[in-house]
1. If packing is taken as the mean number of other Cβ atoms within 10 Å per residue, what is the order of 194-200, 128-134, 108-114, highest first?
2. Using the number of other C-beta atoms within 10 angstrom as an exposure proxy, rank 230, 121, 206 with the fewest first.
3. Answer rounded, prolate or oblate for the stretch 202-261, using the Cα gyration tensor with square roots of eigenvalues a ≥ b ≥ c: rounded when a/c is under 1.5, else prolate when a/b is larger than b/c, else oblate.
4. Among rounded, prolate and oblate, which fits the stretch 161-289 when a ≥ b ≥ c are the square roots of the eigenvalues of its C-alpha gyration tensor, a/c under 1.5 means rounded, and a/b larger than b/c means prolate?
5. To make sure I understand, if each residue's beta carbon is the centre and we count other beta carbons within 10 Å, what order do 86, 223 fall in, fewest to most?
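Here, each number is a calculation from the coordinates, and none is a lab measurement. All values reported here derive from a predicted model rather than from experimental measurement. Positions of Cβ are backbone-derived with ideal geometry, glycine not excepted, and every protein chain shown enters the neighbour counts.
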Ligand SMILES: [Zn+2]
């Protein structure tokens, strides 16, 4: 079933996007595809085989770069807050004392390699509601390193998605679509934030047109980026976060080691802690190659 608001959303997109050159027939096809995506097909049952595991997570530590600086007041809309430490590991039981180590760990949810759950930008699901079968997905990687090396605000565009498909075939059903901008290599350098003259962070991200395309015409469960955010200064109103998470979808930010996985053919496994009410949080992401 295609709900009216999906049809309307797709109609609006058809009318403003010239790349698809929407004839009546093409429009009908897009509408049908939009319905299919919304229905969210059953998990793929293809067997997965692999010869190596690539760790797509960074190690989280107190100096890990974040979109805030601990102890420096930050304002979002009407909310001003004092950001806490990135991560604190407090050893409560000590091996040298009682032959047991046990720590109390506190961290900010959206630091390190981490998930953005639907409820981070909507009233949608929190992390524990995401079905386990949605956390194991075919991985498709779009490489924009060359462009990102010249422009810290480079975007994964609709043309990039189509170019990927002309080389590797249609994005697999129920995929995780990742951006490899080369930013993971900058994680311990000032380049990771690339602040402009006003101090605003600059980093590669997704173009909203690419996101709308994969939402409506492909069956993509998750997106991933090797930078802080799915959005950059080209979408200051967080278009990608609002569209993607607002559609009961999730994604991973600050992914590592995408150079070590193929553009197509790997399987991603997202180890997201199942914390009731969580809006995301640091996770262990692995690629089976
Ligand atoms: Zn986040």
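1. My ranking of the peptides, most packed first, is 108-114, 128-134, 194-200.
2. By the 10 Å Cβ count, ascending: 121, 230, 206.
3. oblate
4. rounded
5. In increasing order of surrounding Cβ atoms, one gets 86, 223.
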